[in-house]
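Everything below concerns the one structure shown next.
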Protein chains: 2
Amino acid sequence: MNDVVCIGHAIVDVLANAGDELVAAFGIEKGTMGLVEADVGAKLYAEMGPGLEMSGGSAANTAVGVAALGGRAAFIGKVRDDQLGDVFAHDIRAAGVAFAGLPAADGPSTGRCLVLVTPDAERTMATYLGIADHVDVDEVDRALAGGTQLTYVEGYMVGIPESEAAIARAIAETRAGGGRVALTLSDPFWVQLHGDDLRALIDGGMIDVLFANEDEATGFTRQERFDDAVADLAKRVPMVTVTRGATGAIVATDGSTGAVPAAPVDRVVDTTGAGDLYAAGFLVGIARGADAETCARLGALAAAEVVSHLGARPQADLAAAARAQGLL
Amino acid sequence: MNDVVCIGHAIVDVLANAGDELVAAFGIEKGTMGLVEADVGAKLYAEMGPGLEMSGGSAANTAVGVAALGGRAAFIGKVRDDQLGDVFAHDIRAAGVAFAGLPAADGPSTGRCLVLVTPDAERTMATYLGIADHVDVDEVDRALAGGTQLTYVEGYMVGIPESEAAIARAIAETRAGGGRVALTLSDPFWVQLHGDDLRALIDGGMIDVLFANEDEATGFTRQERFDDAVADLAKRVPMVTVTRGATGAIVATDGSTGAVPAAPVDRVVDTTGAGDLYAAGFLVGIARGADAETCARLGALAAAEVVSHLGARPQADLAAAARAQGLL
């Protein structure tokens with residue numbers, strides 16, 4: 001039985017430090033993610049400085065975080081049989097995550113995400129999805145064959161026709177097996193573009209745990225005030241947690257709302273993966289039966305580690321850190 | 001006119017932190033580089049932890065270092081038209097190095113090097129050369145068409161039949177244009193394997209500047225004592241510089257020998273690229289007409305930067321750092 005099965009885009013990140021001028025030239029609002037076609041991606045890549053390639057993908061990062069905290073994690077996503085596909089599959093397995101994905105022999109190449117990290121540690125992303133949204137229902141079945149406590153759905157997958165069947169199957173199988181379904185709203189722009197699809201899932205009663213950041217929460221609910229947005233979400237989903245960067249996070253569940261501060265970080269280097277790792281910690285907490293505050297503290301601990309270095313996957317022993325703080 | 005044209009293997013590094021047990025399992029002596037076939041490379045990769053991909057290649061790192069110090073640099077090497085080939089070509093050009101290499105449409109894939117970084121910051125490398133040693137003579141001609149003050153030859157290319165014609169052409173064209181030729185002995189194991197080929201170049205009077213580290217110098221000369229090894233090399237080549245890690249470097253030229261200390265480093269993280277960047281600084285010094293001590297100090301400055309972080313290419317503004325110290 002898995003603790004957490006994550007479904008999302010299998011992506012290799014290409015990270016480079018950049019100035020605000022380059023972010024502006026990319027035409028993507030700073031701090032958000034934009035999708036690009038292959039030709040535009042190639043053009044933007046040519047404008048970037050020397051890069052560093054690391055496996056990424058939002059829900060994939062979360063799966064790695066779950067494993068780093070000692071949880072049993074699996075990932076559902078699609079790669080091609082190309083070099084970056086090899087890199088993705090190697091890295092996620094080497095991190096201790098079960099990945100039963102079979103690389104496609106044809107079709108678009110493995111997805112990649114150009115990540116511009118500005119001196120303020122903010123990241124702006126241009127993603128070429130490639131084959132990442134062509135997730136087979138068979139892969140969902142393989143990953144969920146052993147059952148799972150939780151399935152975590154990447155919001156970036158919701159609203160893409162190619163992913164629809166896989167998402168529906170993952171949710172149905174999880175619930176049929178008695179598991180719970182978590183969803184992240186992923187990105188404020190995604191919420192603008194695909195809010196209706198996300199709302200259909202949430203208001204259709206498919207989601208047990210909802211993750212969002214402040215901009216996503218206000219954008220999704222069309223509430224101007226943060227507290228109103230949280231209250232609105234809490235009416236729709238049994239458990240909601242909203243992150244606010246350095247301010248910390250809010251958890252609303254069972255009619256009550258609590259706040260947990262962000263964990264201290266010596267120096268924020270790169271915020272890529274902060275939300276993904278918060279989700280990892282939170283989900284591990286749920287799987288262990290922890291209370292809401294402990295879940296949020298586990299999330300804050302994992303997020304603090306990942307923002308302290310370049311790249312969206314943990315480099316430290318998160319389980320040991322969590323045990324040292326009495327959270328595991 | 002280029003300051004420095006570098007010829008060597010176009011390689012993408014796959015870096016991972018590792019313990020000594022994994023280094024032992026790789027079957028490669030710690031601190032050295034071993035060549036592996038594609039199947040062995042795949043097997044070793046499967047044993048490694050999650051990786052981080054960055055462009056590398058010894059002489060390519062040197063070319064990037066030359067550019068980072070404000071020198072006009074070009075690189076000669078071979079990639080395939082695959083994803084890692086794109087990464088290599090993008091990164092070296094984005095670093096300001098002229099790279100006229102045309103990606104091959106068939107043949108083996110772009111070369112890659114598995115780099116295990118142990119907690120002592122030492123690196124041990126398993127390289128799958130792929131197409132990297134198939135350097136065309138045409139590419140040499142294109143890179144050298146505008147002339148160069150110096151051509152730097154990666155020792156790893158010497159002794160490989162596929163590279164022989166390209167190396168010979170690069171040396172002949174450089175000398176015909178009034179330029180000088182520099183060579184690095186690259187690796188103590190390479191010196192053991194291909195000492196005769198390296199000796200043929202050096203004792204054939206083809207080399208004006210020779211780079212080596214301590215183990216390569218003693219191995220090549222078969223002298224047990226370091227001073228004897230330096231004296232032996234100084235008889236063969238007009239200018240010799242031998243690095244000794246944290247101890248600093250020795251320069252022997254015009255009948256005299258001087259020592260330069262290593263530049264201070266707060267914390268040595270990863271020694272990959274230390275020798276490559278020392279060569280970059282030293283070569284920029286020669287190109288600027290600096291004295292031997294200044295050349296070595298430029299080398300020490302560039303090497304100190306590259307060992308302070310993961311990866312074999314500079315991340316700081318080396319030219320500004322060198323100017324601040326009055327070296328440029």
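Summary table below
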read-out	value
Residue ID - surrounded by the most Cβ atoms within 10 Å (Cβ to Cβ), chosen from residues in region A:124-141 that are in a helix (DSSP H, G or I) and touching a His at 6+ places or on another chain (Cβ under 7 Å)	A:ALA132
Subset of region B:308-324 that is in contact with a helix residue (DSSP H, G or I) (Cβ under 7 Å, 6 or more places away or on another chain) and under 15 Å from B:THR62 (Cα atoms) - its residue that is farthest from the other protein chains (Cβ to nearest Cβ)	B:ALA319
The listed residue being out of contact with any Gly (no Cβ under 6 Å at 6 or more places or on another chain) and at pLDDT below 95, out of A:ALA104, A:ALA100	A:ALA100
Residue count, region B:161-188 (criterion: of a type in the set (A, V, I, L, M, F, W, C) and surrounded by fewer than 19 Cβ atoms within 10 Å (Cβ to Cβ))	4
Residues being of a type outside the set (A, V, I, L, M) and assigned to a strand (DSSP E or B) - total across region A:221-264	6
Residue list for region B:295-315, restricted to those being free of Cβ contacts under 8 Å to residues at least 40 places away in the same chain and surrounded by fewer than 21 Cβ atoms within 10 Å (Cβ to Cβ)	B:GLN315
Members of region A:147-175 that are aliphatic (A, V, I, L, M) and touching a residue at least 24 places away in the same chain (Cβ under 8 Å)	A:LEU150, A:VAL153, A:MET157, A:VAL158, A:ILE160, A:ALA165, A:ALA166, A:ILE167, A:ALA170, A:ILE171
Filter result (farther than 16 Å from A:ARG123 by Cα and of a type in the set (Gly, Ala, Ser)) within region A:1-60	A:GLY8, A:ALA10, A:ALA38, A:GLY41, A:ALA42, A:ALA46, A:ALA59, A:ALA60
Some residue of region B:1-8 being β-branched (Val, Ile, Thr) and within 14 Å of another protein chain (Cβ to nearest Cβ)	no
Sole exception among (1) buried (at least 22 other Cβ atoms within 10 Å of the Cβ); (2) part of a helix (DSSP H, G or I); (3) not β-branched (Val, Ile, Thr) for A:HIS9, by number	(2)
Cross-chain or 6+ apart pairs with Cβ under 9 Å, region A:235-252 first and within 11 Å of A:GLU214 (Cα to Cα), then surrounded by 15 or more Cβ atoms within 10 Å (Cβ to Cβ) and at pLDDT below 95	A:GLY245/A:THR271
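The values are calculated or read from the model by the stated rules, or taken from the named source; none is laboratory data. Model, not experiment: these values are computed from the prediction. Positions of Cβ are backbone-derived with ideal geometry, glycine not excepted, and every protein chain shown enters the neighbour counts.
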